[in-house]
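The values are calculated or read from the model by the stated rules, or taken from the named source; none is laboratory data. Owing to the predicted nature of the structure, the values given are computational and were not obtained by experimental measurement. Cβ coordinates were reconstructed from backbone atoms using ideal geometry, including for glycine residues, and neighbour counts include every protein chain displayed.
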Amino acid sequence: MKIKKLLFFLSILYISGCSTHTITSNQTPQIFYNINVKNSEDDLFHVTVLTSNLTEKNGVYNFAATAPGTYHELDFGRFVKTFKAYDGNGNELSTKNSSANMWEIEDVLRLSKIEYDIEDTFDSEIRKNQPAPMCGSGIDDDFIAMNTFAILGYFEGLQSNPVKLKVEYNPDWVIGTSLISDENGYYTADTYDRLADSPILMGELTVATTKVGEIDVEVYVYAIDTALYAQKILILADDVLQSSKGFVGYAPVENYKFLMLLLSEEYYDTNQLMGGGALEHSYSSLYVQAATENDLPRLRSTMAHEFMHILTPLNLSSEIIHTYNFATPRASEHIWLYEGVTEWVSDIMQLRSGLITIEEYLNQFSRKLRINDDFDPNISLSKMSLEVYVDSVKPQFLNFYNRGAATAALLDIRLLELSNGKRGLREVYLALLERFGKDRPFPEDKFFDIFVEMTYPEIEDFINDYIRGSKPLPFVEYMAMLGFSYAEEKISEDTRPTIGINISVNEEGELFLIGVKNETQKFGLSSGDILLKVFGEEINIKTAREVLQKLDNMSIGDPYEMVVRRGEKEITLNGELLQRKTRHIFEEMQKLKPKQQAMRESWVKNLDR
Ligand SMILES: [Zn+2]
């Protein structure tokens, strides 16, 4: 009886399901992308977009103005070379390039096909606001790297519709992507967002695989330096990836792909590429950088960081970035979470799994604080987030990996203190992941309130002081709770003199001063000054090492002269060489009180939940 009823019920469902499908398939807009890079000699992506059932509302094809995780205005419409639209009979439809990233199609109801060519960003003539290589696209004889958002646009109103993509490429090549293809060789994605979240790397790649808990991990590598290949990189990074298992305790994704394009300094020079690093995606990350074997340790920690993005923003993000606004950059206040907490996780999970010692952890912590010294201490993490697209604040972004991570580390200690060692940031973070998750973004303006409500009223003060505000982080007090002393600086045992400056390189390749502190401020030095001469000699990228080597024959207290450019003015400054100092020193306290001992024990492990 029961079975029969069930069968009857099923057959009704089946019929209604079928008929619905027939109707909707006739009406639902269909979007099939095809990227042809079979002949890469012309250095262009040849894109065809086949469409049907578009409505009047879908008459604009938009290229991305920005993309998740890039925090930059990129305007990929700038790279379009030709753009044509056709109806089903092959008649051309009129189109209008109405703004940097928008193409209006006049008679969209008749639209059947768009064809366009778009160039890669790596060696484009467009130098202004050049996308960082891991945020763009590159075509070369031996490899092709694509952020899909750098090549494919979306129709107005159809960002959330399913799409399909076929890539035609050299059949001898290996292709790496987190996209999944159907039986007809089309990659399918539920939405444009999912497609945009999936970079593709192809070429003569080496491949290696491992499992991190239940997650299938694959590494795809194209490297100019043949000493770098997938298996070697994976062997080096495997232990740090494995250390995430205990921290996370479950598999937030089934698969994860590392896509790596490891170039050389010469390649960077020839193509005038600037910057490099990795861009996180939900199920993969794309790495583009100049690398040799010496860079493997750095690559390893970058991999740990990018991999931990499977927690946030994939499974914990604000409504603002959940359905992403590709057309108009919109900033979320919570980059402290997406980047700062992720960076903290990638360090603390190594300590808690026993991969690194407390001393090594504290050395990493000090290093972050020394880098933090080069950034503006008066801009809060909230402001750094909300004004990430503002030119004057943009350069501060990199400090999320330093001050952002340090703030997360102290938040962890504060939570451990308030919970008597029972519940730190990891445990609250995992609870937030359970409460929200992939399909449930948190409300942008309420997130801090939710965080406080899930923890302690005192946490509101922490947020106001150190995330919304820019009070100096209380290292002495907080680290003492764990039994560590902290000193901001100590006289170094190194007796060589120093000018006491840190130098960076701007987009024009000029050297400029960063993080100028009190002791050099008194000589008139100021952050942002462009360095022209030191010790009477011209200084630039090429001569810097040689000029600064003169310090070896000088003594503490010796006078020196420096010429800088500030705005339009050239200024000559006179200073004195300084004693070297070591900054941000953590040391083990001699005898721990029982409370410190207990806090330390809670801090070094993943607590029971
Ligand atoms: Zn990141």
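Identify all residues within the stretch 449-474 that are of a type in the set (S, T, N, Q) and surrounded by 19 or more Cβ atoms within 10 Å (Cβ to Cβ); write none if there are none.
Matches in the stretch 449-474: THR455 only.
Quick check on my filter: what residues within the stretch 175-187 are of a type outside the set (Phe, Trp, Tyr) and buried (at least 16 other Cβ atoms within 10 Å of the Cβ)?
Matches in the stretch 175-187: ILE175, GLY176, THR177, SER178, LEU179.
Mind listing whichever residues of the stretch 124-166 are assigned to a strand (DSSP E or B) and closer than 24 Å to ASN53 by Cβ?
Scanning the stretch 124-166 gives TYR154, PHE155, VAL163, LYS164, LEU165, LYS166.
If I go through the stretch 446-479 residue by residue, how many of them are closer than 22 Å to THR323 by Cα and either hydroxyl-bearing (Ser, Thr, Tyr) or touching a residue at least 60 places away in the same chain (Cβ under 8 Å) (or both)?
1
TYR389 fails exactly one of the following numbered conditions: (1) surrounded by 20 or more Cβ atoms within 10 Å (Cβ to Cβ); (2) closer than 19 Å to GLU280 by Cβ; (3) of a type outside the set (S, T, N, Q). What is the number of that condition?
Answer for TYR389: the failing condition is (1).
Quick one: is GLY275 under 21 Å from the mean Cα position of the chain (by Cα) and outside any strand (DSSP E or B)?
So GLY275 passes the test.
Which of the numbered conditions does LEU525 fail, given that it passes all the others? Conditions: (1) without any contact (Cβ under 8 Å) to a residue 60 or more places away in the chain; (2) closer than 24 Å to VAL345 by Cα; (3) crowded, with 17+ Cβ neighbours inside 10 Å.
(2)
Only residues that are among the polar types (S, T, N, Q) and within 14 Å of the ligand (Cβ to nearest atom): list them for the stretch 372-392, please.
SER385
From (1) β-branched (Val, Ile, Thr); (2) over 21 Å from the mean Cα position of the chain (by Cα); (3) at pLDDT 95 or above, pick out the condition that doesn't hold for VAL221.
All conditions are met except number (2).
Could you tell me which numbered condition LEU263 fails, if it satisfies all but one of (1) within 16 Å of the ligand (Cβ to nearest atom); (2) modelled with pLDDT of 95 or more?
(1)
Being under 28 Å from SER527 (Cα atoms), away from the ligand (no atom under 16 Å from the Cβ) and crowded, with 18+ Cβ neighbours inside 10 Å is the requirement here; does PHE326 meet it?
no
Can you tell me which residue within the stretch 286-322, out of those that are outside any helix (DSSP H, G or I) and touching a Lys or Arg at 6+ places or on another chain (Cβ under 8 Å), is farthest from the ligand (Cβ to nearest atom)?
The extreme case among them is ASN315.
Suppose we filter the stretch 284-340 for residues that are in contact (Cβ under 8 Å) with a residue 24 or more places away in the chain and of a type in the set (Lys, Arg); how many remain?
Residues flagged as in contact (Cβ under 8 Å) with a residue 24 or more places away in the chain and of a type in the set (Lys, Arg) within the stretch 284-340 amount to 1.
Need the failing condition index for ALA409 against (1) in a loop (DSSP other than H, G, I, E, B); (2) in contact (Cβ under 8 Å) with a residue 12 or more places away in the chain; (3) of a type in the set (Gly, Ala, Ser), just the number.
In the conditions (1) in a loop (DSSP other than H, G, I, E, B); (2) in contact (Cβ under 8 Å) with a residue 12 or more places away in the chain; (3) of a type in the set (Gly, Ala, Ser), ALA409 misses (1) alone.
Quick one: what pairs do we get from the stretch 360-371, first residue assigned to a helix (DSSP H, G or I), second modelled with pLDDT under 95, C-beta under 6 Å, 6+ apart or different chains?
Qualifying pairs under 6 Å: ARG370/ARG583.
Can you spot a residue in the stretch 121-139 that is at pLDDT 95 or above and surrounded by fewer than 19 Cβ atoms within 10 Å (Cβ to Cβ)?
No.
Within the stretch 469-492, take every residue that is modelled with pLDDT of 95 or more and among the aliphatic types (A, V, I, L, M) and give me the one that is nearest to ALA406 (Cα to Cα).
Applying the filter and picking the extreme gives LEU473.
If I ask for residues that are in a helix (DSSP H, G or I) and over 19 Å from GLN579 (Cβ atoms), which ones from the stretch 512-548 would you list?
Answer for the stretch 512-548, where residues must be in a helix (DSSP H, G or I) and over 19 Å from GLN579 (Cβ atoms): ALA544, ARG545, GLU546, VAL547.
Going through the stretch 67-108 one residue at a time, which ones are in contact with a Ser or Thr (Cβ under 9 Å, 6 or more places away or on another chain), part of a loop (DSSP other than H, G, I, E, B) and more than 16 Å from the ligand (Cβ to nearest atom)?
Once the filter is applied, which keeps residues that are in contact with a Ser or Thr (Cβ under 9 Å, 6 or more places away or on another chain), part of a loop (DSSP other than H, G, I, E, B) and more than 16 Å from the ligand (Cβ to nearest atom), the stretch 67-108 yields GLU73, LEU74, ASP75, GLY88, ASN89, GLY90, GLU106, ASP107.
In the set THR70, THR55, which member is touching a Cys at 6+ places or on another chain (Cβ under 7 Å) and either among the aromatic types (Phe, Trp, Tyr) or touching a residue at least 40 places away in the same chain (Cβ under 8 Å) (or both)?
Being touching a Cys at 6+ places or on another chain (Cβ under 7 Å) and either among the aromatic types (Phe, Trp, Tyr) or touching a residue at least 40 places away in the same chain (Cβ under 8 Å) (or both) holds for just one of THR70, THR55, which is THR70.
Would a scan of the stretch 48-56 turn up a residue that is touching a helix residue (DSSP H, G or I) at 6+ places or on another chain (Cβ under 8 Å) and over 27 Å from GLU168 (Cβ atoms)?
yes
For the stretch 204-259, what are the residues that are farther than 23 Å from THR312 by Cα and among the β-branched types (Val, Ile, Thr)?
Once the filter is applied, which keeps residues that are farther than 23 Å from THR312 by Cα and among the β-branched types (Val, Ile, Thr), the stretch 204-259 yields THR206, VAL207, THR209, VAL221, ILE224, THR226, ILE233, ILE235.
For LEU50, state whether it is more than 16 Å from the ligand (Cβ to nearest atom) and more than 30 Å from ASP141 (Cβ to Cβ).
No.
Where residues in the stretch 329-359 are in a helix (DSSP H, G or I) and more than 16 Å from the ligand (Cβ to nearest atom), which of them is surrounded by the fewest Cβ atoms within 10 Å (Cβ to Cβ)?
GLU359
What is the one condition in (1) away from the ligand (no atom under 15 Å from the Cβ); (2) in a helix (DSSP H, G or I); (3) touching a helix residue (DSSP H, G or I) at 6+ places or on another chain (Cβ under 8 Å); (4) at pLDDT below 95 that PRO395 does not satisfy?
Unmet for PRO395, out of (1) away from the ligand (no atom under 15 Å from the Cβ); (2) in a helix (DSSP H, G or I); (3) touching a helix residue (DSSP H, G or I) at 6+ places or on another chain (Cβ under 8 Å); (4) at pLDDT below 95: (3).
Here's a check for you: in the stretch 1-42, which residue that is farther than 23 Å from TYR154 by Cα and modelled with pLDDT of 75 or more is surrounded by the most Cβ atoms within 10 Å (Cβ to Cβ)?
Ranking the qualifying residues of the stretch 1-42, first place goes to SER40.
Please find, among LYS438, LYS422, LYS490, LYS446, the residue that is surrounded by fewer than 16 Cβ atoms within 10 Å (Cβ to Cβ), part of a strand (DSSP E or B) and of a type in the set (Lys, Arg).
LYS490
Take the residues in the stretch 247-262 that are part of a strand (DSSP E or B) and without any contact (Cβ under 8 Å) to a residue 60 or more places away in the chain, then tell me which one is surrounded by the fewest Cβ atoms within 10 Å (Cβ to Cβ).
Restricting to residues being part of a strand (DSSP E or B) and without any contact (Cβ under 8 Å) to a residue 60 or more places away in the chain, the top hit is LEU262.
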